[in-house]
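Worksheet for the structure shown next.
The values are calculated or read from the model by the stated rules, or taken from the named source; none is laboratory data. Being a predicted model, the structure only gives us computed values, none of them experimental. Cβ atoms come from the backbone with ideal geometry, glycine included; neighbour counts cover every protein chain shown. Only protein heavy atoms, including side chains, enter the accessible area calculation; ligands, DNA and RNA are left aside. Shrake-Rupley method; radii C 1.70, N 1.55, O 1.52, S 1.80 Å.
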Amino acid sequence: MIWIKVMDGETLIAAEAHERPQYVRRQSNGAIVLCDEAFAQGIVSKDGTVIYQLDGKAPIGIDGCSTAYQIYGTEYDELIRDVPDTEDDTPELPPDTPEEKILTRAELTARVQELEAQNAMLTDCLLEMSEVVYAGE
């Protein structure tokens, strides 16, 4: 397992943990190929969409390429601690404000039914209008 932090100058772009890192290098014909760590100039991002320049290695020659620095697991843990989990399904509760009315389940159900009826009416109107517009052609 290796941990990297990806920087663009002084700006942190990403922090990644790689169980099976994919290292790459540029061949003399310009092609970028997978290689062993000993010959690597870059590393492929965890999701496989980006190549990062490895710190201290010969330039890989990709414009706008961010630099990957190998770090310890403790630094990685610190970096990702404050990153929100995009896969988290836990809803964020709104702050309590006295002027904001919280609906009961029955009120929410009634509101959903109103909106569904309104949606059906607007869909019917749209269909009627499209019949009028396209009937003239």
Answer from Glu100, Glu116 - the residue that is at pLDDT below 90 and open to solvent by 80 Å² or more (accessible area, probe 1.4 Å):
Glu100
Which number in (1) modelled with pLDDT under 90; (2) closer than 30 Å to Arg25 by Cβ; (3) open to solvent by less than 60 Å² (accessible area, probe 1.4 Å) marks the one condition that Gly64 misses?
(3)
State whether the residues of region 17-29 include one that is of a type in the set (Ser, Thr, Tyr), at pLDDT below 95 and under 25 Å from the mean Cα position of the chain (by Cα).
no
Residues in region 16-32 that are basic (Lys, Arg) and surrounded by fewer than 10 Cβ atoms within 10 Å (Cβ to Cβ): how many?
1
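How about region 33-55: which of its residues are open to solvent by 80 Å² or more (accessible area, probe 1.4 Å), part of a loop (DSSP other than H, G, I, E, B) and farther than 17 Å from Thr11 by Cα? Lay out the reasoning, then the answer.
Here is the first cut: in region 33-55, the ones open to solvent by 80 Å² or more (accessible area, probe 1.4 Å) are 34, 36-39, 46-47, 49, 55.
Going one step further and asking which of them are part of a loop (DSSP other than H, G, I, E, B), we end up with 36, 46-47, 49, 55.
Residues satisfying the conditions are Asp36, Lys46, Asp47, Thr49.
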Residue by residue through region 119-137, note down the ones that are among the aliphatic types (A, V, I, L, M) and either open to solvent by 100 Å² or more (accessible area, probe 1.4 Å) or modelled with pLDDT of 85 or more (or both).
Ala120, Met121, Leu122, Leu126, Leu127, Met129, Val132
Subset of region 44-66 (residues that are closer than 16 Å to Ala17 by Cα and either within 19 Å of the chain's Cα centre (by Cα) or basic (Lys, Arg) (or both))
Val44, Ser45, Lys46, Asp47, Gly48, Thr49, Val50, Ile51, Tyr52
